[in-house]
Amino acid sequence: MDYEMNIIVAVDKNWAIGKDNNLLVSIPADMKMFRQETTGKVVVMGRKTLESFPGGQPLKNRTNIVLTGNPDYKVKDAVVVHSLGELLQELKKYPSEDVYCIGGDSVYKLLLPYCNTAHVTKIDFAYEADSYFPNLDEMPEWHISASSEEQTYFDLEYAFVRYERQ
């Protein structure tokens, strides 16, 4: 694999990531970690993920790349690409360690083979959901390289877990 980007995601105990194009839960420390990890970097997402942001606006202080099948889709302050090939070509402009795939589910699944580090916030709760991330615990090529202490936010328990591809 000639491309080795990062993936960043928050999942519940069933590896669910969202419902109705929204996050399952908003945990301030997770949002802070996401900002610290991605600020000044390149974030790759699908159109629906971009549209789920406040005002449907690209994330500030990052290079935003949106992958969409819609040839007419334009968004101010973001790079729009229309295929995996076009995306991989665009990403050659950046150091791979600075590139973070941020969703949604179809973009995560498409780009997982091109990623070698996954920053996963694992939330110890099962939500009602309609979108999921691949279960890295069931993939022998992925292993946990670091894990935080268990954190709590009100009654939710979660941990920051780093997976690396072997």
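Key figures for this structure:
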item	result
All positions within region 56-84 that are closer than 19 Å to N21 by Cβ, polar (S, T, N, Q) and open to solvent by 20 Å² or more (accessible area, probe 1.4 Å)	Q57, N70
Residues that are hydroxyl-bearing (S, T, Y), under 17 Å from M31 (Cα atoms), touching a Phe, Trp or Tyr at 6+ places or on another chain (Cβ under 8 Å) and touching a residue at least 24 places away in the same chain (Cβ under 8 Å), drawn from region 117-166	T121
Yes/no for P134 being more than 16 Å from L50 (Cα to Cα) and open to solvent by 40 Å² or more (accessible area, probe 1.4 Å)	no
Residue list for region 16-67, restricted to those being touching a helix residue (DSSP H, G or I) at 6+ places or on another chain (Cβ under 6 Å) and among the basic types (K, R)	K41, R62
Number of positions in region 92-128 that are more than 28 Å from H82 (Cβ to Cβ) and hydrophobic (A, V, I, L, M, F, W, C)	4
First in region 55-66 and closer than 13 Å to V99 by Cα and touching a residue at least 12 places away in the same chain (Cβ under 8 Å), second anywhere and part of a loop (DSSP other than H, G, I, E, B) and charged (D, E, K, R), Cβ under 6 Å, 6 or more apart	R62/K41
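The values are calculated or read from the model by the stated rules, or taken from the named source; none is laboratory data. On a predicted model such as this, the values are computed, not experimentally measured, just so you know. Cβ atoms come from the backbone with ideal geometry, glycine included; neighbour counts cover every protein chain shown. Ligands, DNA and RNA are excluded from the accessible area calculation, which covers all protein heavy atoms including side chains. Shrake-Rupley method; radii C 1.70, N 1.55, O 1.52, S 1.80 Å.
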